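Please treat every number below as a calculation from the coordinates, not as lab data. Being a predicted model, the structure only gives us computed values, none of them experimental. Note that we place each Cβ from the backbone using ideal geometry, even for glycine, and neighbour counts take in every protein chain shown.
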Ligand code: B1M
């Protein structure tokens with residue numbers, strides 16, 4: 001099946017073939033959401049497991065990540081078209097010390113799909129940059145991604161910095177990433193934790209309506 005092929009080619013880091021197959025799946029009428037979840041993300045999950053078990057190393061992970069990003073880029077306009085429209089502005093970034101951006105990019109894409117404006121601060125973002133952007137650009141939500149247990153505490157620093165800057169009552173803070181949990185969200189006093197890109201996008205719409 002084509003979704004399995006996408007997953008397999010992504011694992012092999014074959015970006016061109018991934019792009020071709022994603023386009024083919026789109027042309028066959030498979031929804032962008034299904035292609036993303038059952039093709040691209042399923043392949044990336046296997047990469048994650050193999051990386052953890054030392055069966056593959058950083059270079060293989062990087063080529064798979066590149067294939068993931070190129071395939072996802074084709075889906076971006078379709079995900080936007082499939083989503084219901086909302087309004088609001090959020091900023092998003094991977095926290096300081098952390099360079100993982102695949103999940104953050106997916107979350108961004110899905111939020112944009114809901115019609116919200118997203119300011120992408122990239123990776124390795126310092127707490128003050130999140131705060132200054134939220135103030136200067138009038139964001140309703142600060143979205144924080146972390147993939148390393150060592151960088152999760154930076155999320156707590158952002159919450160504290162928002163309190164110190166006096167914006168805590170009108171800017172919501174949403175967190176996510178593989179090691180992040182609801183319990184951690186409560187511990188640091190963030191407003192919301194969501195486990196994946198789709199629920200993150202839904203939650204942003206909900207939070208934007210609250211502020
Ligand atoms: Co890294 N890495 N990595 N890595 N890497 C992990 C995270 C790791 C779990 C692998 C492992 O050992 N099992 C491990 C962390 C262990 C830990 O902290 N306990 C790890 C490590 C150790 C490292 C290095 C330290 C390795 C080294 O150098 N020795 C190093 C750190 C570099 C740094 O950041 N300073 C490193 C480097 C890298 C690469 C550069 C090679 C590459 C990143 C490429 C890139 O992002 N451009 C990489 C990758 C790809 C991974 C794995 C294999 C895959 C991550 C990924 O992209 N998953 C990862 C293993 C794994 O997670 N199983 C691993 C796919 C992505 C779609 O999922 O990001 O979880 P994810 O996003 C999801 C959800 O979490 C959620 O939605 C997304 C989509 O549904 N989500 C949010 C994410 N952000 C959200 C925000 C929200 C809401 C939901 O609200 C705001």
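Sorted fewest first by neighbouring Cβ atoms within 10 angstrom, 36, 78 come out as 78, 36.
When the helices of the chain are scored as -39500 (n - 2.57) per DSSP H run of n ≥ 4 and the total is divided over every residue, the value at 222 nm lands at -17000 deg cm²/dmol.
Which order do the peptides 62-72, 90-100 come out in when sorted by mean C-beta neighbours inside 10 angstrom, highest first?
90-100, 62-72
The Cα atoms of region 58-211 give a gyration tensor whose axes a ≥ b ≥ c have a/c of 1.5 or more with a/b no greater than b/c, which makes the shape oblate. The order of 143, 208, going from fewest to most other C-beta atoms within 10 Å of their C-beta, is 208, 143.
Contact order for the chain, expressed relative to its length and based on alpha carbon pairs under 8 Å spaced 6+ residues apart, stands at 17 percent.
Based on the alpha-carbon gyration tensor of region 83-122 and its eigenvalue square roots a ≥ b ≥ c, which shape applies: rounded if a/c is under 1.5, prolate if not and a/b is larger than b/c, or oblate?
It comes out oblate by the Cα gyration axes.
Computed from Cα atoms, the angle from the helix 152-164 axis to the main principal axis of the chain rounds to 30 degrees.
Rounded, prolate or oblate: which fits region 4-105 when a ≥ b ≥ c are the square roots of the eigenvalues of the alpha-carbon gyration tensor, with rounded for a/c under 1.5 and prolate only if a/b beats b/c? Judged from the Cα gyration tensor, region 4-105 comes out oblate (a/c at least 1.5, b/c at or above a/b). Taking the C-alpha atoms only, the angle from helix 197-210 to the longest principal axis of the chain is near 30 degrees.
For the options 26, 56, 142, a Gaussian network treatment of the chain with springs between C-alpha atoms closer than 10 Å singles out 56 as fluctuating the most. Each of the peptides 159-166, 188-195 was scored by the mean count of other Cβ atoms within 10 Å over its residues; in descending order, highest first, they stand as 188-195, 159-166.
Put in order of Cβ neighbour count within 10 Å, fewest first, the listed residues 154, 211 become 211, 154. In degrees from 0 to 90, rounded to the nearest 10, what is the angle of the helix 42-52 Cα long axis to the longest principal axis of the chain? Once rounded, one gets 80 degrees.
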